[in-house]
């Protein structure tokens, strides 16, 4: 497993832990709420860490993470884009792709890549978030992400 795959696996584990904490019975609401808050914070911190590392990879222009179309984490390089508009586009793209899950027999959507004349955008599902990586059109993201350390 290369570096980026291990980062995604770690995020998946933290997301599962957070989602499991949210499903606990609320008999002891104070302790359950605290445990949930801590799991959520660990997940969000890990997401920001991955975003910060990915954007430093040669060939990556920007990186951000969204939840339900709202920005959760972003690289400094992504701060010059309209995060809300970007999130709305991502949310609509994911929603459209999810309609094809069953009708096309795709299964749960794992990633979508949009290639434009100048740049491309990869959207990866990681737990409850969408990790977005932008790069120039000619960059082979799979290659640069697999070689990162």
If I model a spin label as a point 7 Å beyond the Cα along the Cα-Cβ vector, how far apart are those points for residue 89 and residue 106 in nm?
1.8 nm
Likely footprinting exposure, 2, 99, 67, fewest C-beta neighbours within 10 Å first:
99, 2, 67
Quick check: pseudo-label points 7 Å beyond the Cα along Cα→Cβ at residue 6 and residue 41, how many nm apart are they?
2.7 nm
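What FRET efficiency comes out for residue 56 versus residue 115 if R0 is 22 angstrom and r is the Cβ-Cβ distance? Round to the nearest 0.05.
Working: r = 23 Å, r/R0 = 1.04.
The value I calculate is 0.45.
For residue 99 and residue 49, FRET efficiency with R0 = 30 Å and r from the beta-carbon atoms, rounded to 0.05?
On the way: r = 33 Å, r/R0 = 1.09.
Calculated transfer efficiency: 0.35.
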Taking only the alpha carbons of region 3-147, the radius of gyration and the largest Cα-Cα distance, Dmax, both in angstrom, are 16.2, 55
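Quick check on the chain: helices-only [θ] at 222 nm, where DSSP H runs of length 4 and up contribute -39,500 (n - 2.57) each and the sum goes over total residues. Nearest 500, please.
Values: 4 runs with 74 residues, N = 149.
Calculated from helices alone, the mean residue ellipticity at 222 nm is -17000 deg cm²/dmol.
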So, relative contact order of region 3-147 in percent, Cα under 8 Å, 6 or more apart, is 24 percent
Pairing the Cα long axis of helix 3-22 with the longest principal axis of the chain, what angle in degrees results, from 0 to 90 and rounded to the nearest 10?
30 degrees
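Rule-based calculations on the coordinates, nothing more; no lab input. This one's a predicted model, so the numbers in the text were calculated from it and none came from an experiment. As a convention, Cβ positions derive from the backbone with ideal geometry for all residues, glycine included, and neighbour counts pool all protein chains shown.
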